[in-house]
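J.: Sharing a structure, written as structure tokens. Questions coming.
FYI, it's all coordinate maths here, none of it is from the lab. Worth saying up front: this structure is predicted, and the values here are computed from it rather than measured. Note that each Cβ is placed from the backbone with ideal geometry, even for glycine, and that neighbours are counted across all protein chains shown.
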Amino acid sequence: MSLVQMENVIKTYKVGDVEVQALGGINLSLEEGKFISFIGPSGSGKTTLLNLVGCLDKPTQGTITIMGTDTGTMDRKTAARFRGENIGFIFQNFNLIPVLTVYENVEYPLVIVRRVPKENREQQVMQVLESVGMADQRNKYPNQLSGGQKQRVAVARALVVEPKIILADEPTANLDHATAYKVIHLMHELKRVFNTTFIFATHDPRIVEEAEIVYTIEDGCIVDSRKQSNSSKERK
């Protein structure tokens, strides 16, 4: 069974009196434990597709099945619960809470979404902070971190609930060249360790180079898909 299955997915929006089609008949099947990249020009539908997979929106037509569940049948509360238990998010602007420490930012989903008892949270938080190399920064606040460190914390926050899927929208756009490569390689290693499926919407050729499967979207349609050799990753 595919982790994510889309069948004839169409998404339209109303802009005033005009109906705009963001996605036009998407059909695809995404496997577990893959590093997947969606590429295409701005406005092509990449972020819309991620929002649908993330259960932040519903298709106008068609079906999206994630882990055997038809997301179109979910009400808002059910979708939020499903999202919190199975999907993590990494954003371009990090979206860390400035008044919380590194530790507290990563702990936050366990408190708000999973409602994990306090005595059980520390081990989970410290495990993911160690996995992204940020355990020694646990007491710092976001404004005391570099861009690369902030993104590492964002990755840890996404991983702490042990999601099946992590959705990343332009996660390296605000990082310098060297830091972006470090973060990409970190995510690739975490994918291998945790068997998490990473799905990117990106313009960044560095992510595309590391992806195992690349889909090209234009005008809301998938116009190309290709699998890539892992040999370059194995050399690093």
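J.: Report P(r) for segment 42-157: all Cα-Cα distances, bin width 10 Å, range 0 to the bin holding the largest distance, values in whole percent.
T.: 13, 37, 30, 18, 2
J.: Taking K191 as the anchor, which aspartates and glutamates have their alpha carbon closer than 20 Å to its alpha carbon, excluding any fewer than eight residues away along the same chain?
T.: E31, E32, E85, E130, E162, D169, E170, D204, E209, E210, E212, E234
J.: As an exercise, use a Förster radius of 41 Å and the Cβ-Cβ distance of V20 and T69 to find the FRET efficiency, rounded to the nearest 0.05.
T.: So the FRET efficiency works out to roughly 0.90.
J.: Work out the FRET efficiency for V223 and N174 from their Cβ-Cβ distance, taking R0 = 30 Å, and round it to the nearest 0.05.
T.: 0.60
J.: In degrees from 0 to 90, rounded to the nearest 10, what is the angle of the helix 102-112 Cα long axis to the longest principal axis of the chain?
T.: Helix 102-112 sits at roughly 60 degrees to that axis.
J.: So which of K150/K227; K34/K182; K58/K118; K182/K227; K164/K227 end up more than 25 Å apart by C-alpha?
T.: Exceeds cut-off: K150/K227; K58/K118.
J.: Another one. In terms of the ratio Rg/(2.2 N^0.38 Å) built on C-alpha atoms, what value belongs to segment 38-106?
T.: With N residues counted in segment 38-106, Rg over 2.2 N^0.38 Å equals 1.32.
J.: I would also like to ask the following. Evaluate E = 1/(1 + (r/R0)^6) for N120 and V193, where r is the Cβ-Cβ distance and R0 equals 25 Å; express this FRET efficiency to the nearest 0.05.
T.: Computed FRET efficiency for N120 and V193 comes out at 0.75.
J.: Same structure again: Taking every pair of distinct Cα atoms and averaging 1/r, then inverting, what Kirkwood hydrodynamic radius in Å comes out for segment 4-234?
T.: After inverting the pairwise mean of 1/r, the radius is 18.2 Å.
J.: List the relative contact order of the chain as a percent without decimals, with contacts defined as Cα pairs under 8 Å and 6+ residues apart.
T.: 29
J.: How far is it, in nm, from the label point at R81 to the one at K182 when both lie 7 Å from their Cα along the line to the Cβ?
T.: Once both label points are built, they end up 4.1 nm from each other.
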